[in-house]
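Have a look at the structure below before the remarks.
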Amino acid sequence: MAAPKTAIVVQLVKEDGMPQPGNENSSRLRRYVVPEGLNPEQRFEHWRAWYGSAVEIPMQLEKSARQTPASFSPSAITLTGPGFSLIEMYNGPALGSWAPNPDAADLRLAYFRKAPGLTLAPDGVPEPVPPGSVRFIDTSLGGSFDAPEGFHALQLNIDRSSLNLSAAELRSLLRLPDLAKHPIVGTFVIPALMSWKRPGIDREASGTADILRSVMATLVGSLLETPVDDEAQKPALSRAVKKYLDASYDNPELDVAMVAERFNLSRRSLFYFFENEELHLGERIRALRTRKALELLLQAHAQRITYSEIAASCGFTNVQSMRRAVKEFTGMNVREIHRSETGVRVALQQLRGSLIP
């Protein structure tokens with residue numbers, strides 16, 4: 001699977017169907033779907049024509065031995081920006097092959113989220129790719145794939161020059177087998193790949209580039225056992241911790257010590273990574289719980305939820321802790337929420353804004 005061409009990817013369109021002008025200082029988000037109203041044969045031909053022209057390395061697609069189903073509906077979404085590109089693809093059943101590209105300038109990492117029966121043959125040596133596999137792709141060599149049932153894959157491409165990789169280090173990385181069980185992959189890489197399609201990301205070129213470059217630098221440093229500068233690691237770690245908090249704030253045992261243990265960091269290091277954030281780590285945990293509490297309190301009368309139930313479902317250890325947090329963030333007591341609903345909704349919106357990753 002190759003990265004999208006900058007020159008060709010402008011053929012893709014945004015979700016609203018309007019082409020976007022190229023701008024080297026911004027990210028470009030593009031989507032592709034096979035048009036409606038085509039029969040299975042035409043759908044495959046349309047995908048093959050797009051695929052062969054929209055990737056950096058000329059890719060030849062052929063039908064797999066398994067007949068193309070009537071539901072054949074591959075799609076792709078790409079995001080390109082300064083020094084990076086992302087592609088997420090739902091590929092239909094097909095055989096693919098590509099020629100060597102000795103001028104490849106990116107380090108490419110692919111996550112084959114769903115890959116039933118997929119076989120990848122870089123440099124002509126076939127090997128099965130289990131679902132969930134994560135691996136670097138060497139596009140300097142020719143290769144092929146056989147996807148009898150298609151696949152869902154995401155690929156992150158980072159300009160190698162920004163990672164300061166020597167030729168020997170690059171070769172070492174490209175020889176590595178499946179990385180799915182590597183702790184950095186589960187902590188940093190997959191969360192970044194699975195959460196990038198948030199609204200407005202195409203207007204966040206610099207921040208997105210920093211996070212993705214940081215993710216790759218952190219992984220590469222761990223694999224090569226070389227130190228990673230704190231500033232280089234900071235965007236990836238901050239993002240990963242926020243995602244972890246978003247998923248775990250309702251655990252009443254969640255605190256700074258638990259987060260430090262989860263990410264194998266000292267409390268001092270963890271505080272350093274959040275020192276310039278609007279909300280420090282402990283404050284963010286409390287704000288997440290309070291946001292949920294306010295949302296539930298605004299529904300409490302209709303759903304007959306007790307204060308104790310609300311506090312427990314939000315991760316507060318008791319009702320008193322919830323009351324104090326609500327008072328701190330809104331200036332109101334819990335019982336005043338429904339008498340000042342407009343003011344509470346304004347406070348809730350501000351709270352949500354402070355929690356945007």
Count - residues of the stretch 111-121 that are assigned to a strand (DSSP E or B) and crowded, with 21+ Cβ neighbours inside 10 Å: 3
Residues satisfying the stated conditions in the stretch 245-261, i.e. touching a residue at least 24 places away in the same chain (Cβ under 8 Å) and of a type outside the set (A, V, I, L, M): Asp246, Tyr249, Asp250, Asn251, Pro252, Asp255
Residues that are in a loop (DSSP other than H, G, I, E, B) and in contact (Cβ under 8 Å) with a residue 12 or more places away in the chain, drawn from the stretch 35-54: Ala54
Within the stretch 122-176, considering residues that are hydroxyl-bearing (Ser, Thr, Tyr), modelled with pLDDT under 90 and open to solvent by less than 60 Å² (accessible area, probe 1.4 Å), the one nearest to Trp196 (Cα to Cα): Ser162
Hey, Gly186 among the small types (Gly, Ala, Ser) and within 21 Å of Pro116 (Cβ to Cβ) or not: no
Residue match in the stretch 300-316 (condition: part of a helix (DSSP H, G or I), under 26 Å from Ala240 (Cβ atoms) and either out of contact with any Lys or Arg (no Cβ under 7 Å at 6 or more places or on another chain) or not hydroxyl-bearing (Ser, Thr, Tyr) (or both)): yes
Single match in Ile137, Ile211, Ile158 (criterion: of a type in the set (Val, Ile, Thr) and out of contact with any Gly (no Cβ under 9 Å at 6 or more places or on another chain)): Ile211
Out of Ser248, Ser195, Ser214, sole residue that is at pLDDT below 80 and open to solvent by less than 40 Å² (accessible area, probe 1.4 Å): Ser195
Exclusive hit being part of a helix (DSSP H, G or I) and touching a residue at least 40 places away in the same chain (Cβ under 8 Å), set Glu278, Glu295: Glu295
Count of the stretch 177-192 residues which are out of contact with any helix residue (DSSP H, G or I) (no Cβ under 9 Å at 6 or more places or on another chain) and surrounded by 14 or more Cβ atoms within 10 Å (Cβ to Cβ): 3
Looking only at the stretch 57-80, and only at residues there that are among the polar types (S, T, N, Q) and over 16 Å from Asp146 (Cβ atoms), the one that is modelled with the highest pLDDT: Ser75
Residues being surrounded by 14 or more Cβ atoms within 10 Å (Cβ to Cβ) and either part of a helix (DSSP H, G or I) or modelled with pLDDT of 85 or more (or both) - total across the stretch 333-344: 5
Qualifying residue in the stretch 238-248 (condition: in contact with a Lys or Arg (Cβ under 8 Å, 6 or more places away or on another chain) and either assigned to a loop (DSSP other than H, G, I, E, B) or more than 18 Å from Arg352 (Cα to Cα) (or both)): no
Scan of the stretch 80-95 for residues that are surrounded by fewer than 23 Cβ atoms within 10 Å (Cβ to Cβ) and of a type outside the set (Phe, Trp, Tyr), ordered by number: Pro82, Gly83, Glu88, Met89, Asn91, Pro93, Leu95
Within the stretch 314-332, considering residues that are small (Gly, Ala, Ser) and out of contact with any Leu (no Cβ under 7 Å at 6 or more places or on another chain), the one most open to solvent (accessible area, probe 1.4 Å): Gly331
Thr306 vs. criteria open to solvent by 60 Å² or more (accessible area, probe 1.4 Å) and more than 32 Å from the chain's Cα centre (by Cα): yes
Residues satisfying the stated conditions in the stretch 128-171, i.e. part of a strand (DSSP E or B) and either of a type in the set (Val, Ile, Thr) or free of Cβ contacts under 8 Å to residues at least 40 places away in the same chain (or both): Pro128, Val134, Ile137, Ile158
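The values are calculated or read from the model by the stated rules, or taken from the named source; none is laboratory data. Please read all numbers here as calculations on a predicted model, not as lab measurements. Neighbour counts run over all protein chains shown; Cβ positions are idealised from the backbone, glycine included. These area figures cover heavy atoms from the full protein model, side chains too; ligands, DNA and RNA do not enter into them. Shrake-Rupley method; radii C 1.70, N 1.55, O 1.52, S 1.80 Å.
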